Amino acid sequence: MEENKRSMWQFPWRYPESIAFVLGVLVVGYVLQAFIGSFDFSLLLWPVNGILGGVVILLSLLLALKRKNPIVQWLSGVPMAVSLIGGLLLLGLLMGLTPQVKHIHHGDTSPASVLGLRQMTTSWPFVLLYFFTLLSLGTLIMRRLFHFRIADYAFYLNHIGLWLLLFAAGWGAADMKRYVMHIREGEVEWRVYNDRGDVLELPVGIRLNDFTMEEYPPQLTVIDRETGNAQPESKPDYLQLEELPVSGRLAHWDIEVEQYIHQAIRNSDSTYHEVFMPGASPAALVKTVDRTNGEISRGWISCGNRAQLYMTLPLTNEYMLVMTQPEPKRFVSDINIYTEDGTEAHALLAVNKPHRAGPWMLYQYGYDYEAGKLSSYTSIELVYDPWVVAVYIGIILLAAGSACMLWIGNRRKEATDDVE
Amino acid sequence: MTWNEFIWFALPAMLLWISAGVLVYTRLKRSVVDGIMLAGIGVFVAFMVGFWIGLERPPLRTMGETRLWYSLFLSVIGFLTYKRWKYNWLLSFSSLMACVFVCINIFKPEIHSKNLMPALQSIWFVPHVTSYILSYAMLGAATIASFIQIRKQGRGLADQQLYHLMDNLVYAGFGFLMLGLLMGCVWAKEAWGHYWSWDPKETWAFVTAAAYLMYIHMRLRKWHPTFTLWLLPIAFILLMITWIGVNYLPSAQGSVHTYS
Ligand code: HEM
């Protein structure tokens, strides 16, 4: 227990000094936050982020050249790493407990807003801790690369991967652009909205040829005719429609589905027949038996949509059988993409199936949720993220490092006492 | 092949897996245990191949189909990690988990048609979730070990053997945790246009990873051993919040990751 007698700030520096440093950074960060407000990422737009990123790399290199210096060893050592990660953990906890918002109203003087807790990632303490983590990690990597050992491959994969990921995600945040474009069927659109709702015009135009949606078969449930609540109220029963035969029990009725048409149109006599057209809606012919008195009802029901009325099956004066709205299975925008230099491309855009158009990535974003498959427009998100390749390389290295960890485990038999 | 034939493959597979999980504690030859386990996996794979052909598409669409992959990955990866680390309980535990998912498919068949929303329809869904399940299992085991070590430490004699086990479990568990996370990033980029949005679930995943990183790095030096040991239970609580608790936090209302 020699170490405890060591007074603070006497070399070698370990936990007390590292924790003091991180706390100092946090204090400075909160003072800055209180006086000048959130960190403005737009200051880092290319090429500023490139230059500053280069400065960080250079700084790490210079520090690593002085690797015998006790301060450099401390900055890139284990206690500092743990303290920095601990600081980020603390901010992450605050962030995880405070609802985060996109924009803070002018004149919002609640402590959480003034201290940046509601927009943690642009708050000074967060940005400063991120910066020092990058510097510490960078210096460590350079220092270890000076005595490169192939046996340390797991160390390199993990730390270089993470460093690259942090570096590209952090500095790249300023250059990232995300817009949403709403396009009506048959029209070409060049205007997009940013997250503040401002309209901008892009050098990319998109025409929506067709918006189509496949739906899952809906469910049946019994509702109270007055309140509309599904029954039994404590834990509503639902019967999933699928390929026949379908039968089951809802509240105290036995249900048997005699016929199910996924795309149906109503006949004049309130029966349904199959028609493949956008206005069609699911419909089912159902027989119900009341278990309490054996009473039988039979009839067509449908959930309807914008083009057709819904249809229900009354069971008693209080209850009726209804069909829920179907959930989307897949929605696809058939689009043409035009650029200002006259090129044209065709794409089918769906969730999880983005499309690249020059520097932009296009994502299926939304549609008119109320109209469902009858939606007359589609919403597409356009994302410009020039740093994403570096991020992917970081992800691949880090994933390789993780694979090493689960395969190799901890090779050290016992914790060592000191640095180097 | 269809779900109707499932039971004729599921029962023998479960029987084989559980037998392997039990026999591993006996003096039976290791190669026999391995053979039994592999036979179970073989039976299960046979069903999946037949089912795939029968469906004329990969069985990746419904929850029931997804559970088939959980069972398969849990048994295969559990077997591999057991072979690697020689912890018997690893084989029993992953066999048991694999059987749990098989049983859900047998006893809750109506959930087969649980509708998968479009964002979840991705090749990343199954590996992402299985990776997390494995990581939770290992980190959970490491937490139990940490309590034992805390008691031993309190009596002044930390067990180096146990430390070795704990560190290996944390390394392997953290490896799976990071793989799950990174696959999630790639998936998020594909589905939502960004690999990391600081959504509440993501924020808590970050916090959890940070806590395990603190443990991993503190174990590299022998300062503050008691604090280091307590990091594991704390990290595991954070892990549970990330997994289950986030849905109940006020900060997470409207999170894209709450599927209820
Ligand atoms: C996914 C992230 C990370 C993983 C998986 C990881 C894993 C590891 C492992 C396994 C070691 C010991 C291996 C060896 O020394 O050969 C180690 C050492 C170390 N790591 Fe990390 N680490 C990560 C992030 C970080 C971060 C963010 C920092 C700093 C802020 C850091 C700083 C250190 C330091 C200082 C050492 C000791 C190096 C030495 O003794 O020379 N690590 N890390």
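The values are calculated or read from the model by the stated rules, or taken from the named source; none is laboratory data. Only a predicted model underlies this, so the values are computations on that prediction, with no experimental measurement involved. Positions of Cβ are backbone-derived with ideal geometry, glycine not excepted, and every protein chain shown enters the neighbour counts. Heads up: the accessible areas ignore ligands, DNA and RNA and are worked out on the full protein's heavy atoms, side chains in. Shrake-Rupley method; radii C 1.70, N 1.55, O 1.52, S 1.80 Å.
Observations on the model:
- Segment B:121-251, relative contact order in percent, only Cα pairs under 8 angstrom and at least six apart counted: 29 percent
- Cα principal axis extents for the protein assembly as shown, largest first, Å: 93, 72, 48
- ³J(HN,Hα), Karplus 6.51/-1.76/1.60, whole Hz, each residue of segment A:211-224, x for Gly, Pro: 10, 10, 9, 9, 10, 6, x, x, 10, 9, 7, 9, 10, 6
- Helical content alone sets the calculated 222 nm signal of chain A at -10500 deg cm²/dmol, taking -39,500 (n - 2.57) per DSSP H segment of four or more residues and averaging over every residue.
- Cα→Cβ-extended label distance, 7 Å offset, between B:GLN160 and A:GLU185, nm: 7.5 nm
- Segment B:95-106 - phi-based ³J(HN,Hα) in whole Hz, Karplus 6.51/-1.76/1.60, Gly and Pro as x: 4, 4, 4, 4, 5, 4, 5, 5, 5, 4, 5, 7
- The Cα-based radius of gyration of chain B, divided by its Kirkwood radius, gives an Rg/Rh of 1.00.
- Averaged over peptide B:194-206, the number of partner chain Cβ atoms lying within 10 Å of each residue's Cβ comes to 5.
- Trypsin sites (Lys or Arg not before Pro) restricted to segment A:61-154 and DSSP loop, no more than 14 other C-beta within 10 Å: A:LYS66, A:LYS68, A:LYS102, A:ARG149
- Model label zone, A:PHE11; criterion: amide N under 15 Å from point 7 Å along Cα-to-beta-carbon; scope segment A:74-101: A:74-77
- Inter-chain shielding of B:207-217 (mean C-beta neighbours from other protein chains, 10 Å cut-off): 6
- For segment B:1-109, averaging the sequence separation of C-alpha pairs within contact (under 8 Å, six or more residues apart) and dividing by the residue count gives a relative contact order of 34 percent.
- Solvent exposure of chain A as accessible area per residue, Å², 1.4 Å probe: 52 Å²
- Seen against the Cα atoms of chain A and their longest principal axis, helix A:153-172 is set at about 70 degrees.
- Gyration tensor (alpha-carbon) shape descriptor, segment A:1-123, a/c threshold 1.5: oblate
- Both chains summed, the buried accessible area for A and B stands near 5400 Å², from protein heavy atoms and a 1.4 Å probe.
- In chain A, the portion of solvent-accessible area held by carbon and sulfur atoms comes to 60 percent [1.4 Å probe, whole percent, DNA, RNA and ligands not counted].
- Working from label points 7 Å from Cα in the Cα-to-Cβ sense, the B:TRP230 to A:ALA345 distance is 5.6 nm.
- Only Lys, Arg (+1) and Asp, Glu (-1) charged, at Cβ; segment A:217-326 dipole about Cα centre in debye: 200 debye
- The stretch between A:VAL55 and A:ILE19, if pulled fully straight at 0.36 nm per residue, gains 10.4 nm over its current Cα-Cα span.
- Each peptide in B:126-133, A:10-17 receives the mean, over its residues, of other Cβ atoms within 10 Å, and ordering these scores from highest gives B:126-133, A:10-17.
- ³J(HN,Hα), Karplus 6.51/-1.76/1.60, whole Hz, each residue of segment A:70-76, x for Gly, Pro: x, 6, 5, 4, 5, 4, 10
- Here r is the Cβ-Cβ distance between B:SER197 and A:VAL31 and R0 is 30 Å; the resulting FRET efficiency, rounded to 0.05, is 0.55.
- Straightening the chain between B:ILE148 and B:CYS103 buys 12.9 nm, computed as 0.36 nm per residue apart minus the Cα-Cα spacing.
- In this structure the amide hydrogen of A:VAL246, modeled in the peptide plane, comes within under 5 Å of the amide hydrogens of A:VAL257, none closer than 5 places in sequence on its chain.
- Angle in degrees between helix A:15-36 and the longest Cα principal axis of chain A, rounded to the nearest 10: 60 degrees
- Sum of -39500 (n - 2.57) over DSSP H runs of 4+, divided by residues of chain B (222 nm, nearest 500): -25500 deg cm²/dmol
- The tail of the calculated P(r) for segment A:217-326, taken as Cα-Cα distances beyond 23 Å, holds 22 percent of the pairs.
- Here the relative contact order of chain A, from alpha carbon pairs under 8 Å that lie six or more residues apart, stands at 16 percent.
- Solvent exposure of segment B:13-150 amounts to 43 Å² per residue of accessible area, where only protein heavy atoms count and the probe is 1.4 Å.
- Those residues of segment A:46-79 for which accessible area with every protein chain present is at least 50 Å² below the isolated value (1.4 Å probe): A:VAL78
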